Amino acid sequence: MVSTDDEPLLQVRGLGHTYADRSGRTRIGCADVDVDLWPGEVLAIVGESGSGKTTLLNTVAARLTASHGSARYRTRDGREVALDSLDEVSIRALHRTEWGFVHQDPAAGLLMNVSAGGNVGERLMSIGARHYGRIRESAATWLARVEIPADRIDEPPTTFSGGMRQRLQIARTLAISPRLVFMDEPTSGLDVSVQARLLDLIRGLVADLGLSVLIVTHDLAVARVLSDRTVVMRHGRVVESGLTDRVLEDPHAPYTQLLVSSILQV
Amino acid sequence: MTTTRLTDPSPLDPTTALPVLEALDLAKTFTMHLQGGVRLPVLSGVRFTLYPGECAVLDGPSGIGKSTILKMIHGTYGIDSGALLLRGPDGAVTDLARADDRTMLRLRRTTLGYVSQFLRCVPRVPTLDVVAEPLLSARVPPEDARRRAGHLLERLRVPTGLWMLPPATFSGGEKQRVNIARGFVSDHPVLLLDEPTASLDAANRAEVVDLIEDQKAAGAAILAIFHDPRVRAEVADRLIDVGVFVPSGAVRSGRVPSGAGRSGPVPSGVENEESR
């Protein structure tokens, strides 16, 4: 969470995504979003389902087309690129070499019939690794880092539990040392104890690797544990943003106050 | 109340010391949108100056707004009006009332230490790393960070057998000592202490007093809340009466209804703050 860099990694201005629903009416996925992400910073995007937070994530990650506004990204070699000006090949190259995307459903981010080691190795090969021994060694290191037992390296994720699958997806994502990681509800859909372990693992990796992360979550506790800053979304728009502890303890927008007051106190 | 500016010399050492923190008419009102937009003015006209090497204690009964002042300085609560000038180690003065998020995050890493009433921690992180974390996030080499963390845990009599365990299952007093160790590990020039001795026995209370004296001697400026009169008598250089900052007609409960302040999420299955 430290940065000496004085340039944002990502600058999002007036970004929005609209789409046509089944009856052909134009719907707002997200609109007029301004967000900056700085190197080494974790930014949480919170809101209820339907608030547009995942649409925003996908639009920033250029998995959806922006209907208006811009997202600018500073690449590893220091160039600032407007994501909507890039063709599909360049976007794919960014996803392969500089970005990571952790999906809520591990199956969406894994090769389900390929071994755990192969899942990590394939990602390394996509950036040019060719030496089998080194790829396997690196895969083993990554599996250890996400606490997957060494003797499971040749098993496919279909034989893994939900928590293990998610940890494997994280290993596969981080193996190429991405500069920017998108996470879409990475801990949802897991048992509570598994969630806590995963959260802790993510937190450690983010700190150790100095990752910049844009994470979508409906769980304010996840935002609290992981993020430096938080953006609150409702009806596709940002209603409040700021330091995570301030958004949670001194919320100003009526909607944020409702969200914060709705949390169950254990 | 004086209107000392950050450029004025310190009364403690008129030749060298400049104030490190100065509050000029800070005000805080909570607007409760879930209660029909009712406005609760909790503090106004907050003025004080804090110098290096001193410990000032916020004074007044429970619920009067002492913790609110610490949270305004730390940035956990926004500041509605006034100026809060902080002089960083590099001499640069920042108005915390207007500082952006990145500046606040940087100042928390470098300048502003804060010991809250309760330990907030993630489930599986060992105690030693919980304490070392502020140093690790400031990129201190891990061995140095852990050595310093261990030194503080030793001083606070946390048995070495517990260091590699997460503090989740510790007793209240042990957790509080871990919390204090974490707060004192960084040597920040400004230290905000919110009742750090609340659940400690006499020996540990004495140790905390020693830690505070060490920090003062090293030039830290400390703003603290202590209900324990013995501790207060030992460490306080002066008292700041918070009662004079309470606007007439303010709700003096300190329990702001949930929805603004006071309520924080507890991660599902995650050991976290017990209350606030």
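Over the Cα atoms of segment A:74-154, the radius of gyration divided by the Kirkwood radius equals 1.04; this is the Rg/Rh ratio. Estimated from the Cβ-Cβ distance and a Förster radius of 30 angstrom, the FRET efficiency linking A:Ser23 and B:Gln35 is about 0.15. Strictly greater than 14 Å: what percent of every Cα pair in segment B:12-81 meets that? The share of Cα pairs beyond 14 Å in segment B:12-81 comes to 66 percent. Taking the square roots of five times each eigenvalue of the Cα gyration tensor of segment A:85-216, the equivalent ellipsoid has semi-axes of 21, 19, 14 Å, listed largest first. Counting other Cβ atoms within 10 Å, keep those with at most 16, restrict to DSSP loop, and tell me which trypsin sites (Lys or Arg not before Pro) in segment B:36-114 are left. Those that pass, being in a loop and sparsely packed, are B:Arg98. What does the net charge come to around A:Lys53 if you take all other residues with beta carbon closer than 10 Å to its beta carbon, with K and R at +1 and D and E at -1? Here the charged neighbours net out to -2.
Using the Cα atoms of chain A to build a convex hull, what is its mean projected area in square nanometres? Intermediate results must be reported in sequence, preceding the final value.
Details: hull surface 60.9 nm².
The directionally averaged projection comes out at 15.2 nm².
Under 5 Å between amide hydrogens, built in the peptide plane, is the criterion, and for A:Met183 it picks out A:Val102, A:Leu214, A:Ile215, A:Val216 among residues at least 5 positions away or on other chains. This ranking places B:Met164, B:Met32, A:Met233, A:Met112 by how few other beta-carbon atoms lie within 10 Å of each, fewest first, which gives B:Met164, A:Met112, B:Met32, A:Met233.
Computed 3J(HN,Hα) for segment B:197-214, one whole-Hz value per residue from the Karplus formula 6.51 cos²θ - 1.76 cosθ + 1.60 where θ = phi - 60°, is 9, 3, 10, 10, 7, 4, 4, 6, 4, 4, 5, 5, 4, 4, 4, 5, 4, 4, glycine and proline marked x. What the phi angles of segment B:87-98 give under the Karplus curve with 6.51, -1.76 and 1.60, with θ = phi - 60°, is a coupling list of 9, x, x, 8, x, 6, 9, 10, 8, 5, 5, 10 Hz, glycine and proline written as x.
Once you order the gyration tensor axes a ≥ b ≥ c over the Cα atoms, which shape class does segment B:34-122 get: rounded for a/c under 1.5, otherwise prolate or oblate by comparing a/b with b/c?
Rounded.
With Cα atoms as the point set, the radius of gyration and Dmax of segment B:41-197 evaluate to 16.5, 49 Å.
Counting partner chain Cβ atoms within 10 Å of every residue's Cβ in A:36-48, what's the average?
Working: counts 2, 0, 3, 0, 2, 3, 0, 1, 0, 0, 0, 0, 0.
Rounded to a whole number, the mean comes out at 1.
A Gaussian network model of chain A, with springs between Cα atoms under 10 Å, assigns the largest mean-square fluctuation among A:Arg72, A:Arg179, A:Arg92 to A:Arg92.
First check a/c for segment B:146-202, with a ≥ b ≥ c the square roots of the eigenvalues of its C-alpha gyration tensor; if it is under 1.5, answer rounded, and if not, answer prolate when a/b is larger than b/c or oblate otherwise.
On the way: a/c = 1.89, a/b = 1.18, b/c = 1.61.
Cα axes put segment B:146-202 in the oblate bin.
Any read-out appearing in this document is the output of simple, stated calculations on the displayed coordinates, not a laboratory observation. The structure displayed is predicted, hence computed values, not measured ones. With ideal geometry, Cβ positions are generated from the backbone for all residues, glycine too; neighbour counts draw on all protein chains shown.
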